[in-house]
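To start, the structure itself, in structure tokens.
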Amino acid sequence: MLTRVLDGEGLNRDSGTHGHRGYSGDFKFAWLGATTPLRSSVWNLMGKIGNRLFFLNMRDKNRSSNDYLVMFQGAPYEEKVKECRGAVRSFLDNFYASYGIRSTEWDPQQDILILPKIIKYAQFLSKLRASIMVWKADDDKTKLEYNFPIVEDPPRAIN
């Protein structure tokens, strides 16, 4: 269900209580978020959604006690959050004003030289995204067992 929303196809639901509700059509959808490091079970679940999610991992900073002290001084937390939201909003407004929404024109016939590279990267990405289940053997708690990787087809990454 979430994949349809992330793909911008809308979402329609039918239930006995509320009847038919939803939106159909071609929607521009973007989801920007931040979180603490994800558990492996969450990574596995999100990996099933496909190539719709992108992550930026920020390294830990070696902060001193003084850094933490500065963090708690100045504007209240709510104001800092409001400032961050304003900065993100301003960035996105300027970005879309400059480049538009879905502004990349793609003509596979004209761009025939780039297609082999896209295919190569899609094949590579499909192997990187392969799901491998690893578990501890029942009889030996130090021995790990695993299954063969489940590799998706490259066209999923291309689309």
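The values are calculated or read from the model by the stated rules, or taken from the named source; none is laboratory data. If you're wondering where the values come from, they're calculated on a predicted model, not measured in any experiment. Cβ atoms come from the backbone with ideal geometry, glycine included; neighbour counts cover every protein chain shown.
Couple of notes before you dig in:
- Candidates 97, 122, 87 - the one that is part of a helix (DSSP H, G or I) and under 23 Å from residue 154 (Cβ atoms): 122
- Of all residues in region 1-21, exactly one satisfies the criterion of being more than 22 Å from residue 129 (Cβ to Cβ), among the small types (Gly, Ala, Ser) and surrounded by 10 or more Cβ atoms within 10 Å (Cβ to Cβ), namely 10.
- Selection status of residue 135, outside any helix (DSSP H, G or I) and over 29 Å from residue 30 (Cα atoms): yes
- The residue list 59, 63 contains one member that is assigned to a loop (DSSP other than H, G, I, E, B) and either surrounded by 10 or more Cβ atoms within 10 Å (Cβ to Cβ) or in contact with a helix residue (DSSP H, G or I) (Cβ under 7 Å, 6 or more places away or on another chain) (or both), which is 63.
- The set of residues in region 106-150 being of a type in the set (Ser, Thr, Tyr) and either in contact with a strand residue (DSSP E or B) (Cβ under 9 Å, 6 or more places away or on another chain) or farther than 29 Å from residue 40 by Cβ (or both) consists of 131, 142, 146.
- Answer residue from region 36-56, given it is out of contact with any Leu (no Cβ under 6 Å at 6 or more places or on another chain) and among the charged types (D, E, K, R) and is surrounded by the fewest Cβ atoms within 10 Å (Cβ to Cβ) among those: 39
- Which numbered condition residue 152 fails, given (1) without any contact (Cβ under 8 Å) to a residue 24 or more places away in the chain; (2) assigned to a loop (DSSP other than H, G, I, E, B): (1)
- Taken over region 122-147, the criterion of being within 26 Å of the chain's Cα centre (by Cα) and among the polar types (S, T, N, Q) is satisfied by 123, 126, 131, 147.
Per-residue answers, yes or no, for (1) in contact with a Phe, Trp or Tyr (Cβ under 8 Å, 6 or more places away or on another chain); (2) of a type in the set (Lys, Arg):
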site	(1), (2)
6	yes, no
20	no, no
81	no, no
89	no, yes
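- Test: residue in region 22-35 that is of a type in the set (Val, Ile, Thr), outside any strand (DSSP E or B), under 14 Å from the mean Cα position of the chain (by Cα) and loosely packed, with under 10 Cβ neighbours inside 10 Å: yes
- Positions within region 36-56 being without any contact (Cβ under 8 Å) to a residue 24 or more places away in the chain and either aromatic (Phe, Trp, Tyr) or in a helix (DSSP H, G or I) (or both), in sequence order: 40, 41, 42, 43, 45, 46, 54, 55
- Test: residue in region 88-97 that is modelled with pLDDT of 80 or more and more than 24 Å from residue 8 (Cα to Cα): no
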